[in-house]
Amino acid sequence: MATVSPSWNYTLHLPRDPRAPGVARATLRTVLAVHRLTRLTPTVELLAPELLTNAHAHTEGSYALRIRSVERGGNTGGKLLWAVV
């Protein structure tokens with residue numbers, strides 16, 4: 001029997017703390033592992049530190065990391081959308 005994977009969406013609110021980018025990277029790795037997208041980990045680990053560190057350096061308050069699946073027909077196809085806001 002075929003099953004349809006539900007879409008998923010995570011938002012991690014981060015405080016203005018120098019440890020926050022590391023926490024966000026660890027969270028990204030965990031989310032990718034849980035959703036069986038570990039093949040994306042090397043790319044995400046290259047891009048995430050730059051965006052997260054810039055958000056920390058250029059904001060005066062908290063910021064957030066948003067991650068969601070990009071699905072077609074119930075299958076992510078290994079695609080995800082993520083943003084630092």
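Computed values, structure above
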read-out: Scope the range 38-72; condition of a type in the set (Gly, Ala, Ser), surrounded by fewer than 16 Cβ atoms within 10 Å (Cβ to Cβ) and over 11 Å from the mean Cα position of the chain (by Cα); matching residues; value: Ala57, Gly61, Ser62
read-out: Hits in the range 1-13 - residues which are hydrophobic (A, V, I, L, M, F, W, C) and modelled with pLDDT under 90; value: Met1, Ala2, Val4, Trp8
read-out: Residue count, the range 16-37 (criterion: of a type in the set (A, V, I, L, M), outside any helix (DSSP H, G or I) and open to solvent by 50 Å² or more (accessible area, probe 1.4 Å)); value: 0
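The values are calculated or read from the model by the stated rules, or taken from the named source; none is laboratory data. The shown structure was predicted, so the numbers you read here are calculated from the model rather than taken from an experiment. Note that we place each Cβ from the backbone using ideal geometry, even for glycine, and neighbour counts take in every protein chain shown. Heavy atoms of the whole protein, side chains included, go into the accessibility calculation; ligands, DNA and RNA do not. Shrake-Rupley method; radii C 1.70, N 1.55, O 1.52, S 1.80 Å.
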